[in-house]
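The values are calculated or read from the model by the stated rules, or taken from the named source; none is laboratory data. Here the structure is a predicted model, which means the values were calculated and not measured. Note that we place each Cβ from the backbone using ideal geometry, even for glycine, and neighbour counts take in every protein chain shown. Surface accessibility is based on the protein's heavy atoms, side chains included, excluding ligands, DNA and RNA. Shrake-Rupley method; radii C 1.70, N 1.55, O 1.52, S 1.80 Å.
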Amino acid sequence: MSQSPSDRQSWKRVLLAPLAAPGVSRMLAGLTGTSATVFMLHRFAVPELSIEGHSPEAVGAILAELRKRRFNLISLHELFRKLRDGEPLNRAVVFTIDDGYFDHASVGAPVFVEYDCPATICAVSGFLDGKIWLWWDQINYVFAQTRRKELTARLAGHEIPYTLDSPQARRQNSTALSFLCQDASQSDRLACMADLLREADVELPAAPPPEFAPLTWDEARRLEKKGISFGPHTITHPILSRTSAEQSASEIEESWARLRAELQDPVPVFCYPHGRRRDYGDREMAQVHRLGLLGGVSGHFDFFRPQLYREPPNICRVPRFGFQDDTYSVLQCASGLASLKAKLRGYRA
Ligand SMILES: [Zn+2]
């Protein structure tokens, strides 16, 4: 009789759970040189607004497990100070939450506060300022609101037809177009959006609807007092490598300036929007360094050996792991096993 996928998962857990035991993960850290993990979270679930995301219960259970197994839960700021100063990073685990949505304050942050675990929200300053809403949310909104059953997007000379005959098709196709837009230039993406609004006959409200709203600066200041910190993540969340040199420089500098103006103790660590290797480069890392920030975090998975990331340029591109609401996968990352696997698969250091 063949095993079901869930049977296989259970066995995998039984066989591999000891890897996260303190002794074993120290040994793994010795083998791999890995002793720190930065996790990246996005939205938290808000069922009443149909927002899918991390479950606060699952995140809480994972934090409890990490505490029980004596992982070293430290802040992003502390991680970068230790990296810079060459201090050991034994079993350090760091949490970052990207963009600054309202659910980060109302759903996510309280879980981290409850478990006395530092977390850093990488904030898009123009979003918190109420000047923009995030561009992929606009695409989502247009696809959800249009009365049309078919929609053609025009992006960089290409016509992409979409069928919108079910709520699921609307969601999937808006995600598909957002992915394509990630690789478009800023001007092509803006032109695509303007055209899409006309084609869809949808008017975009000036402020994002509740499901796409940011947290407020007042909330951010209250959270700071509870151990939740904030780091810069641009003003408008463009793909920096696809913008002009001037815009790229000012997105980094001005977002850092806004955080310093609004908050008590912002974290001097920049977070690159989207964060894939092609989304930022030497130009952005040089700007981060020039501004005197401690470094930067990317959005991609990589083999992370702290000793290789103590100085520029590497301290300006510290890798992060996407966080899944799954204790096993988190322990695998935090123990260094996922990083070792990345090395064996040929990810660059
Ligand atoms: Zn982001």
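Annotations
- The chain: most fluctuating residue of Glu284, Glu150, Glu48 per GNM, C-alpha cutoff 10 Å: Glu48
- In Å², nearest 10: area of Lys149 left accessible to a 1.4 Å probe: 120
- Accessible area of segment 151-290 belonging to carbon and sulfur atoms, whole % at 1.4 Å probe: 51
- Think of it this way: in the chain, Cys117, Cys181, Cys192, Cys316, Cys333 stand alone, with no other Cys Cβ under 4.7 Å.
- Net charge contributed by nearby residues that have their C-beta within less than 12 Å of Cys122 (K/R +1, D/E -1): -1
- Residue-count net charge about Ile239 - beta-carbon cut-off 13 Å; Lys, Arg +1, Asp, Glu -1: +1
- Full extension of the segment from Arg171 to Ser250, taken as 0.36 nm per residue of separation minus the current Cα-Cα distance, would add 25.2 nm.
- Estimated distance in nm for a label pair at Arg283 and Arg70, the labels positioned 7 Å out from Cα along Cα-to-Cβ: 4.9
- Of Asp165, Asp282, Asp98, the one that fluctuates the most in a GNM where the chain has Cα springs shorter than 10 Å: Asp165
- Solvent exposure of the chain as accessible area per residue, Å², 1.4 Å probe: 46
- Cα gyration tensor shape for segment 211-299, rounded if a/c is under 1.5, else prolate or oblate: prolate
- Anisotropy class of the chain from Cα gyration tensor, a/c 1.5 cut: prolate
- Gain in span if fully extended, Leu204 to Asp218, counting 0.36 nm per residue against the direct Cα distance: 2.4 nm
- Choice from Pro319, Pro167, Pro110 showing the highest fluctuation, given a GNM over the chain with Cα pairs closer than 10 Å: Pro167
- Hull volume in cubic angstrom per residue (convex hull over the Cα atoms of segment 94-168): 155
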